[in-house]
Amino acid sequence: MKTQYYTATSLDGFIATEADSLDWLFPLGDVTDTSYPAFIAEVGALAMGSATYEWLLRHADEVTAEMGSPWPYTQPAWIFSSRELPLLEGANTRFVQGDVRPVHAEMSQAAGSKNIWIVGGGDLAGQFYDAGLLDEIIVQIGSVTLGQGKPLFPRRVTSPPLRLVSVRQIGSGFAELHYEVPRGEAARPT
């Protein structure tokens, strides 16, 4: 079982615009041409930030048209939010806040031998990193720049650096980078 941050980013390192828009992302390629189908098949639990959850709420009709349901996941999800948010029909969710460590323990139990996916956002993935719980970062870098927005991973990771496992071209719009997160005391944030 691994805890993985799997996401897409602009070339200049933003996962969404300042207004949480992903409109830049969808013209770049078809999700079925990426590693996503194989990736999601190995996921047993999700961790999601409130901005990502709220994006799903705002785009429920579009997600339903594409996926057949406003909630596109079969796995249980833990939504990290300090605010009260409405339930999304058909979603197997738990709303949580605070330290990621006890929530990670619950997620690990629910996931069994499958992986945990940090769906979004960058700061949530950073909290798992800070707690020493993040194993991999898989990022698809799109061929666009946004200038500003929500950062991919607002943490300084320099010593030791992430370990590159693989690089893959996806069509003409993406390069997928797969990194392992180093373990041990030297891997703690500075």
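Brief remarks follow.
- Database remark: amide H of THR93 closer than 5 angstrom to the amide H of ALA77 (H placed geometrically; neighbours at sequence offset of 5 or more, or on other chains; Pro and chain starts carry no H).
- Close amide H contacts of ILE141 (hydrogens built in the peptide plane, cut-off under 5 Å, sequence separation of 5 or more or a different chain): THR9, ALA175, GLU176, LEU177.
- Applying 0.36 nm per residue to the separation of LYS114 and SER159 and subtracting their alpha-carbon distance, the gain on full extension is 13.3 nm.
- A convex hull fitted to the Cα coordinates of the range 22-71 yields 101 cubic angstrom per residue.
- For the range 4-123, the Cα-based Rg and Dmax, in that order, read 14.2, 38 Å.
- 10 Å Cβ shell holding at most 13 others, DSSP loop, GluC sites (Glu not before Pro): longest site-free stretch of the chain: 90-190
- Nitroxide proxy distance, nm - points 7 Å out along Cα→Cβ at ASP12 and ALA175: 1.8
- Built amide H within the under 5 Å cut-off of LEU134, gap 5+: TYR129
- Residues in the range 41-59 that a label on ARG83 would reach, taking backbone N under 20 Å of a point 7 Å out along Cα→Cβ: 47-59
- With the simple model of a label 7 Å out from the Cα in the direction of the Cβ, ASP30 to ASP123 spans 3.7 nm.
- Where N is the number of residues in the range 42-99, Cα Rg divided by 2.2 N^0.38 Å: 1.09
- Stretchable slack from ALA65 to VAL167, in nm (0.36 nm times residue separation minus alpha-carbon distance): 33.5 nm
- Two-site FRET efficiency, LEU22 against GLU106, from Cβ-Cβ distance with R₀ of 25 Å, rounded to 0.05: 0.35
- The trypsin sites (Lys or Arg not before Pro) of the range 74-165 that meet both conditions, a loop assignment by DSSP and at most 12 other Cβ atoms within 10 Å of the site Cβ, are ARG83, ARG156.
- Measure of compaction for the range 58-190 (Cα Rg per 2.2 N^0.38 Å): 1.18
- P(r) of the range 94-160 over all Cα-Cα pairs, binned every 10 Å from zero, in whole percent: 16, 48, 28, 9, 0
Bear in mind these aren't lab numbers, they're just calculated from the coordinates by the rules spelled out. Quick caveat: nothing in here was measured; it's all calculated off a predicted structure. Ideal geometry is used to build each Cβ from the backbone, glycine not excepted, and the neighbour counts take in all protein chains shown.
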